[in-house]
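First up is the structure itself, then whatever we jot down about it.
The values are calculated or read from the model by the stated rules, or taken from the named source; none is laboratory data. As the structure is a prediction and not an experimental result, all values here were calculated from the model. Glycine gets a Cβ as well: all are built from the backbone with ideal geometry, and neighbour counts include every protein chain shown.
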Amino acid sequence: MRIPLLSMFITSPFDGLQQHAQKVKECAWVFQQAMECHVSNRCEAFEELRQQINKLETEADAIKRRIRGHLPKGTLLPVDKFQLFRYLRQQDNVLDKVEQTLNWLSYRSEPGIPKELEKDFLLLVDKVIDPIDELSDMVAEARKYFKYYSEKQRTVVKDIIRTVRNQEHEADQLEDAIKQKAFNLKIDPVTIFHMIRLAEIIGSIADHAENAGDMMRAMIAK
């Protein structure tokens, strides 16, 4: 029988992962507002929302450093320390790509998105928000698993990972559809390039969420 090592901690490393995941989730909510603001081209709060994302990213970085700094050599962990760090890196990459998306939009002086692509981009944003929402639940359920090592709880985590994988696949399909559509628009080449790269960056948000799921699957593997 496996010993619930997590019970030996004064502070579980998964507490920090949960805090970080929640911060990423907060960023996702602000990101959705910022994208809707930009797409509508009638909202003046885009820059304010972008700065809010930057602030949340700084707060998440502080949590990340705290997690790494509180795992000294020789500390007993329920999972391999490097697996934990790899998971954290992928979860943090989700936030980085959210920030990168808004920065990319800010580089052009002309706000908005071609009308032919507005609905598509809003759908893509909605689709990448879904796996971000799952990350917080995944960490919470994994924390329970590493406390009791219940096979039923392990199944719950695996189901969330499977959901994230399916959501990433759906986001990939939307990203490809946007790029194909953008290539065939009768608009200037700079805008086409900007839209294609925008779709790629947004799509990569879901990619890193899926990668985080893969890291979690490795951690709960028997």
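Assorted remarks:
This table checks each residue for (1) in contact with a Phe, Trp or Tyr (Cβ under 7 Å, 6 or more places away or on another chain); (2) farther than 20 Å from residue 61 by Cα; (3) surrounded by fewer than 20 Cβ atoms within 10 Å (Cβ to Cβ); (4) aromatic (Phe, Trp, Tyr).
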{"residue": "91", "(1), (2), (3), (4)": "no, no, no, no"}
{"residue": "100", "(1), (2), (3), (4)": "no, no, yes, no"}
{"residue": "109", "(1), (2), (3), (4)": "no, yes, yes, no"}
{"residue": "119", "(1), (2), (3), (4)": "no, yes, yes, no"}
{"residue": "123", "(1), (2), (3), (4)": "no, yes, yes, no"}
{"residue": "135", "(1), (2), (3), (4)": "no, no, no, no"}
{"residue": "142", "(1), (2), (3), (4)": "yes, yes, no, no"}
{"residue": "147", "(1), (2), (3), (4)": "no, yes, yes, no"}
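- Counting the residues of the stretch 41-53 that are closer than 13 Å to residue 95 by Cα and over 15 Å from the mean Cα position of the chain (by Cα) gives 2.
- Residue, modelled with the lowest pLDDT, within the stretch 66-83, restricted to residues that are surrounded by fewer than 10 Cβ atoms within 10 Å (Cβ to Cβ) and not in a loop (DSSP other than H, G, I, E, B): 69
- Qualifying positions in the stretch 7-46 - hydroxyl-bearing (Ser, Thr, Tyr) and either within 20 Å of residue 64 (Cβ to Cβ) or modelled with pLDDT of 95 or more (or both): 11, 12
Conditions tested, residue by residue: (1) touching a helix residue (DSSP H, G or I) at 6+ places or on another chain (Cβ under 6 Å); (2) modelled with pLDDT under 95.
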| position | (1), (2) |
| --- | --- |
| 149 | no, yes |
| 178 | yes, no |
| 203 | yes, no |
| 206 | yes, no |
| 214 | no, no |
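- Matching residues, the stretch 150-164, being surrounded by fewer than 17 Cβ atoms within 10 Å (Cβ to Cβ) and under 20 Å from residue 200 (Cβ atoms): none
- Test: residue in the stretch 124-144 that is in a helix (DSSP H, G or I) and more than 24 Å from residue 91 (Cβ to Cβ): no
- Contact map, the stretch 189-206: residues that are of a type in the set (S, T, N, Q) paired with residues that are at pLDDT 95 or above, Cβ distance under 8 Å, separation 6+ or inter-chain. Pairs shown: 204/97.
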